[in-house]
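Bear in mind that the values in this text are calculations on the coordinates, not laboratory data. As the structure is a computational prediction, the values presented were derived from the model and not from experiment. Glycine gets a Cβ as well: all are built from the backbone with ideal geometry, and neighbour counts include every protein chain shown.
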Amino acid sequence: MQDSYALWMYLPGLILFIGGVAFVILNVVLSHLIHPHVRTHEKYLAYECGEDPIGGAWIQFNHRFYLLALAFVVFDVEVVLLFPWVVVFREFGWFGFIEVLVFIAVLLFGLAYAWRKEALVWDKPQPMYQAGPVTVPAVAQEVRTDGASS
């Protein structure tokens with residue numbers, strides 16, 4: 001009797017799971033049945049927030065966008081993790097206080113590392129050397145391995 005009761009406890013979860021799967025399958029089938037079947041050139045264009053795409057998609061982005069976004073996510077998560085601690089910090093005592101200080105110290109170390117590696121600098125870095133005309137030695141100009149004449 002006790003074992004059958006334990007199985008009946010999972011019935012609401014099973015009903016919810018079956019209902020969720022049925023809902024997904026129903027929506028996929030309905031969207032396939034009612035979507036327009038007319039294929040035009042505009043259907044195959046990339047949608048860019050209502051703007052017509054101009055140029056190629058393979059452009060070089062500055063890697064600093066990603067580094068700055070990653071730093072934002074790290075410190076945003078820090079704030080989210082500190083809010084619950086602030087609510088109950090008196091219950092943790094000195095151990096909780098020292099634990100949060102270690103947490104903040106690790107994040108400050110990460111910030112100092114990112115600062116030292118200039119991951120937070122937005123301006124384009126200046127080249128370390130001046131590129132001048134490249135001179136090729138005469139010996140290198142005369143020797144060709146592909147059989148073509150210079």
For the stretch 77-85, in residue order, the Karplus 3J(HN,Hα) values (coefficients 6.51, -1.76, 1.60; θ = phi - 60°; whole Hz; Gly and Pro = x) are 5, 4, 5, 5, 6, 7, 4, x, 5
Computed curve, the stretch 7-116, Cα-only Debye sum without solvent term, log₁₀ I(q)/I(0) at 0.15, 0.17 Å⁻¹, is -0.89, -0.92
Once the dipole of the stretch 7-116 is set up from charges on Cβ (+1 Lys and Arg, -1 Asp and Glu), the residue from the list LEU68, ALA46, MET9 lying farthest towards its positive end is MET9
Here the stretch 14-28 yields Karplus 3J(HN,Hα) values (6.51, -1.76, 1.60; θ = phi - 60°; whole Hz; Gly and Pro given as x) of 5, 5, 5, 5, 5, x, x, 5, 4, 5, 5, 4, 4, 5, 5
From fewest to most C-beta neighbours within 10 Å, the residues VAL87, VAL100 line up as VAL87, VAL100
With +1 at each Lys and Arg Cβ and -1 at each Asp and Glu Cβ, the charge dipole magnitude of the stretch 7-116 around its Cα centre, to the nearest 20 debye, comes out at 160
Projecting the Cα atoms of LEU81, HIS32, TRP94 onto the charge dipole of the stretch 7-116, where Lys and Arg contribute +1 and Asp and Glu -1 at Cβ, the residue farthest towards the positive end is HIS32
